[in-house]
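Reviewing the structure listed below.
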Amino acid sequence: MANKRKVIITCAVTGAIHTPTMSPHLPITPDEIVSGAVAAAEAGASILHLHARNPETGQPDQTPAAFGRFLPRIKQATKAVINITTGGSPYMKVEERVLPAATFKPEVASLNMGSINFGLFPLLEKYKEFKFEWERQHLENTRDLVFRNSFRDIEYILRTCSNNGTRFEFECYDIAHLYNLRHFLDRRLVKPPLFIQSVFGILGGIGTHPEDLMHMKRTADRLFGGDYQWSILGAGRNQITLASIGAAMGSNVRVGLEDSLWAGPGKLARSNAEQVAMIRQIIEGMSLEVATPEEAREILSLKGGDQVAF
């Protein structure tokens, strides 16, 4: 009997998009991030994509000290691959964004592959009151926000982490980002297997129609052939739908409260683990298998959890 294909589930635990008002289940404090991450791993996530927040206000915090409050605890409690963001928040400069990955030398770090408008302001229509005033301003300011990821910025992150053995989750929000990645592959600043995270549903990036997903896949196939592992990230209510379509087409998947707060129409997800369990049920219902952390390391050619600096 042929071996079943292994599907890597990434869980993005908290992120920098959603704010405390939007869900009481969004992890904010180090303790909440640890418990949310560990539960997601126990539910089947083999990669944990991590951001840090100010425990008092919930604002994004990209200082190494903030990450240091939970990284060793998560590593001790689970065998999952830890993926540290270099995206941070769209308001941060690249030198700030790369610091945690440069300091802790994780197996995987995210890397945004191009600049885009990053519109979150439509969320203002859904929330009349906010726990913290920064939340309203955070959303309002995205009317005039470009999430900068210039060629210089991308190269800066690649070169800063080049000697750490860290590989990247290449976040591609549009077709042009795939071509940007091909540019860096041609320059040999990145090497296969590439882990491409196709991001759908951010206002300013590619849309969420199944044809958008197929267009992204066709373009990646043409540019990278067999030199990449594909993964699907659908924002908001599109999370499970697009991940399911992607899994059926051969992709890996990403879920988590960074990308969506929902577990169904009008139903807030109570935890990251709930979303992991939902997509795991769909994957296994397709007669596919969820990859273990060690299988994910083999698929992505990672250096191993004993080679990180935390």
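Some observations on this one:
- Residue within the range 260-277 that is under 23 Å from HIS177 (Cβ atoms) and either aliphatic (A, V, I, L, M) or modelled with pLDDT of 95 or more (or both) present: yes
- In the range 231-246, the residue that is farthest from the chain's Cα centre (by Cα) out of those that are surrounded by fewer than 22 Cβ atoms within 10 Å (Cβ to Cβ) and not polar (S, T, N, Q) is ILE245.
- Close pairs from the range 139-151: first over 13 Å from PRO122 (Cβ atoms), partner among the polar types (S, T, N, Q) and part of a helix (DSSP H, G or I), Cβ under 8 Å, at least 6 apart: PHE151/ASN180
- Of the residues making up the range 144-182, those that are in a strand (DSSP E or B) and closer than 14 Å to PHE118 by Cβ number 3.
- Set ARG270, ARG254, ARG218, ARG188: member being more than 17 Å from the chain's Cα centre (by Cα), among the basic types (Lys, Arg) and under 22 Å from VAL13 (Cα atoms): ARG270
- Within the range 240-260, considering residues that are in contact with a helix residue (DSSP H, G or I) (Cβ under 7 Å, 6 or more places away or on another chain) and polar (S, T, N, Q), the one nearest to HIS18 (Cα to Cα): SER260
- The residues in the range 133-161 that are exposed (fewer than 14 other Cβ atoms within 10 Å of the Cβ), over 14 Å from ASN180 (Cβ atoms) and of a type in the set (Lys, Arg) can be counted, and the count is 2.
- Contacts under 8 angstrom Cβ, first residue in the range 117-136 being closer than 12 Å to GLN59 by Cβ, partner at pLDDT 95 or above and in a helix (DSSP H, G or I), 6 or more apart: LYS131/PRO20; LYS131/THR21; PHE132/PRO20; PHE132/THR21; GLU135/PRO20; GLU135/THR21
- Qualifying positions in the range 12-32 - within 15 Å of the chain's Cα centre (by Cα) and not in a loop (DSSP other than H, G, I, E, B): ALA12
- Residue in the range 277-298 that is polar (S, T, N, Q) and either surrounded by 19 or more Cβ atoms within 10 Å (Cβ to Cβ) or touching a strand residue (DSSP E or B) at 6+ places or on another chain (Cβ under 7 Å) (or both) present: no
- Remark: pairs (first residue in the range 52-70, closer than 23 Å to GLN137 by Cα; second residue part of a loop (DSSP other than H, G, I, E, B) and charged (D, E, K, R); Cβ separation under 9 Å; 6+ apart in sequence or on different chains) = ALA52/ASP61; ALA52/ARG69; ARG53/ASP61; ASN54/ASP61; PRO55/ASP61; PRO55/ARG69; THR57/LYS131; GLY58/LYS131.
- Residue match in the range 20-28 (condition: more than 23 Å from GLU140 (Cα to Cα), in contact (Cβ under 8 Å) with a residue 12 or more places away in the chain and either among the β-branched types (Val, Ile, Thr) or touching a His at 6+ places or on another chain (Cβ under 9 Å) (or both)): no
- Close pairs (9 angstrom Cβ cut-off, 6 or more residues apart or separate chains): at positive phi in the range 97-109, buried (at least 24 other Cβ atoms within 10 Å of the Cβ) anywhere: LYS105/THR166
- Residue in the range 235-250 that is of a type outside the set (Ser, Thr, Tyr), closer than 16 Å to ALA12 by Cβ and either without any contact (Cβ under 8 Å) to a residue 24 or more places away in the chain or outside any helix (DSSP H, G or I) (or both) present: yes
- Qualifying residue in the range 288-307 (condition: in contact (Cβ under 8 Å) with a residue 24 or more places away in the chain and under 22 Å from ILE28 (Cβ atoms)): no
- Only residues that are touching a Ser or Thr at 6+ places or on another chain (Cβ under 9 Å), without any contact (Cβ under 8 Å) to a residue 40 or more places away in the chain and of a type in the set (A, V, I, L, M) were counted across the range 71-96, and they come to 1.
The values are calculated or read from the model by the stated rules, or taken from the named source; none is laboratory data. On a predicted model such as this, the values are computed, not experimentally measured, just so you know. Ideal geometry is used to build each Cβ from the backbone, glycine not excepted, and the neighbour counts take in all protein chains shown.
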